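Asks: Just dropping this structure here.
The values are calculated or read from the model by the stated rules, or taken from the named source; none is laboratory data. All values derive from a computational prediction rather than experimental measurement. Virtual Cβ from ideal backbone geometry, glycine too; neighbours counted across all protein chains shown. Calculation scope for accessible area: heavy atoms of the full protein, side chains included, ligands and nucleic acids excluded. Shrake-Rupley method; radii C 1.70, N 1.55, O 1.52, S 1.80 Å.
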Amino acid sequence: MFRTMEFKDNRLYLIDQRKLPVEHTMFECKDYRDVEFAIKDMVVRGAPAIGAAAAYGIVLAAKEFVGMDKFDFLDNLKEAMDLLYRARPTAVNLMWAIDRMKEIIIDNKDLVNKEIYMEIRKLADRIYDEDIETNKKIGEYGNQIIPKSARILTHCNAGALATAGYGTALGVIRKAHYSGKEILVYVDETRPRLQGAKLTAWELMEERIPCKLIADNVAATLIRDKMVDVIVVGADRIALNGDTANKIGTFMLSVIAKTYDIAFYIAAPISTIDFYMKSGDEIEIEQRDSTEVTHIDGIRVAAEGIEVYNPAFDVTPWENITGIITEKGIISPPYRENIEKLKSLL
Ligand code: MRU
C-alpha cells in the first residue's frame, strides 16, 4: 500500500495528487512554506491529510527556528502556524491539528527549544498514526451498515490519499471488501478537479476493489433505477447540528438519495466535528480559481472570458443524512443531542 505522506530526514514527502493517476511522484517539502504551498495547490488534499501535513509543516518550522532565542523561536513558530492555518478554509482538521500543536507548545513553553521541538515532532507522528487507527475503526463501524452484497456510491476522494492512510468513506468500503462482502463501488468523477476519476478510481483499481466510474450527472438515473444500495461520502466539517460540508456535489447527491429513499452516510473522524459551529450556515465555503472549471488538465474547454462560480464545497443539511460514521460509533439523529452527548464523553 502506498504512503500518502512520509516524514524523513527533515523533509516531508507528499504523493503529488495533482499528477495522479498518470504519474506517481513525490513532492518534497523542505520547509513549512513548501507545505503551505502544497496544501493550497492541492498537492495534498482531503481533510485529515491536510491536518497531518500541516502538523509536519510545524515540525519543519520548529527545526528551522530551533537555534533562535526562546522569544524569537516562539514568535516565528506562531507566524508559521498562522500561515498554515489560513492555507484552506473549509476542512476543520487543518485548524484542529494546528490547535493541538499550539496546545503542546504552550504546555511545554518552559522547556528549552530543542525539547519543545521534540514534543512537536512526537505530536505530529501521533496525529499521523492516530488518523490511520481512527480510519480503521470507522471502517469497522461503517461495515455494519453495508449489506452482504452492496452497490455503494461515493463522491470525491475520502480514501487513503485524503488521510494519513486507509481512508474514511473508502475505509468503510475497504473493510466491506476485505471482510468478504460482494461490493461494487460507483465512483462519481467529481468535477471540477476530478478527485473521483483521478484518485478514488486509482485507489480502488490498485486494490482490485470492483468499481465503475460515472460522470457526476449519471447519479440521479443510477439511483432512480435502483442501482445503488447505499451512499457513503467523507466530510470536511460537521456542525453541531449534523449539517456537513463536503466536496461540491455532495448536497445534490443527498437530495437525490432522499427522494428515492436511499441511505446516505457520512464517514468522518471526530476531529472533523466542529463543536463550536452551531449549524452549516456558519461554515466558510472555499471559492477556487475559475480555471478549474474552464480548463481540464491545462486545456481550455469553455468559452474564453466566461465568468465562473466555483465553490469547492457544499453543505448537506442534517435532515438528509442517515448517520455519521465515526471512530466511536455511528451517530444517528437527533444530531445536536447525540453530538453534544459524544462531546461530553471526550
Ligand atoms: O478539495 P478536496 O479534494 O480537499 O476535498 C476533499 C473532500 O471533500 C473529501 O471528501 C473530504 O475532505 C473527506 S476526506 C477523508
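Asks: List the number of the failed condition for Val43; all other conditions in (1) open to solvent by 70 Å² or more (accessible area, probe 1.4 Å); (2) in a loop (DSSP other than H, G, I, E, B) hold.
Replies: Of the numbered conditions (1) open to solvent by 70 Å² or more (accessible area, probe 1.4 Å); (2) in a loop (DSSP other than H, G, I, E, B), the odd one out for Val43 is (1).
Asks: How about the stretch 307-332: which of its residues are away from the ligand (no atom under 13 Å from the Cβ), closer than 19 Å to Ser279 by Cα and touching a Phe, Trp or Tyr at 6+ places or on another chain (Cβ under 7 Å)?
Replies: Passing the criteria: Trp318, Asn320, Ile321, Thr322, Gly323.
Asks: Related question: Name the pairs whose Cβ atoms lie under 6 Å apart, with the first residue in the stretch 175-189 and touching a residue at least 40 places away in the same chain (Cβ under 8 Å), the second part of a strand (DSSP E or B) and open to solvent by 50 Å² or more (accessible area, probe 1.4 Å), and 6 or more positions between them or separate chains?
Replies: Tyr186/Lys212
Asks: As an exercise: evaluate Met81 against (1) closer than 26 Å to Ala267 by Cβ; (2) without any contact (Cβ under 8 Å) to a residue 40 or more places away in the chain; (3) part of a helix (DSSP H, G or I); (4) of a type outside the set (D, E, K, R) and give the number of the one condition it does not meet.
Replies: Condition not satisfied by Met81: (1).
Asks: Checking Val59 against (1) part of a helix (DSSP H, G or I); (2) away from the ligand (no atom under 16 Å from the Cβ); (3) open to solvent by 40 Å² or more (accessible area, probe 1.4 Å); (4) in contact (Cβ under 8 Å) with a residue 40 or more places away in the chain, only one condition comes out false. Which one?
Replies: Single failed check for Val59: (3).
Asks: On to the next question. Sort through Glu64, Glu36, Glu28 and tell me the only one that's assigned to a helix (DSSP H, G or I) and more than 16 Å from the ligand (Cβ to nearest atom). So that I can check it myself, show each step before the final result.
Replies: On the way: Glu36 fails: more than 16 Å from the ligand (Cβ to nearest atom); Glu28 fails: assigned to a helix (DSSP H, G or I).
Selected residue: Glu64, the only one of Glu64, Glu36, Glu28 that is assigned to a helix (DSSP H, G or I) and more than 16 Å from the ligand (Cβ to nearest atom).
Asks: Looking only at the stretch 246-270, which residues are within 16 Å of the ligand (Cβ to nearest atom), touching an Asp or Glu at 6+ places or on another chain (Cβ under 8 Å) and not in a loop (DSSP other than H, G, I, E, B)?
Replies: Once the filter is applied, which keeps residues that are within 16 Å of the ligand (Cβ to nearest atom), touching an Asp or Glu at 6+ places or on another chain (Cβ under 8 Å) and not in a loop (DSSP other than H, G, I, E, B), the stretch 246-270 yields Asn246, Lys247, Thr250, Phe251, Met252, Leu253, Ile270.
Asks: Oh, and also: Go through Gly165, Gly171, Gly180, Gly139 for me and flag whichever is surrounded by fewer than 18 Cβ atoms within 10 Å (Cβ to Cβ) and of a type outside the set (Lys, Arg). Full working, then the answer.
Replies: Values: Gly165 fails: surrounded by fewer than 18 Cβ atoms within 10 Å (Cβ to Cβ); Gly171 fails: surrounded by fewer than 18 Cβ atoms within 10 Å (Cβ to Cβ); Gly139 fails: surrounded by fewer than 18 Cβ atoms within 10 Å (Cβ to Cβ).
Being surrounded by fewer than 18 Cβ atoms within 10 Å (Cβ to Cβ) and of a type outside the set (Lys, Arg) holds for just one of Gly165, Gly171, Gly180, Gly139, which is Gly180.
Asks: Can you tell which of Ile138, Ile152, Ile146 is more than 9 Å from the ligand (Cβ to nearest atom) and under 16 Å from the mean Cα position of the chain (by Cα)? Full working, then the answer.
Replies: Working: Ile152 fails: under 16 Å from the mean Cα position of the chain (by Cα); Ile146 fails: under 16 Å from the mean Cα position of the chain (by Cα).
One residue alone meets the criteria, Ile138.
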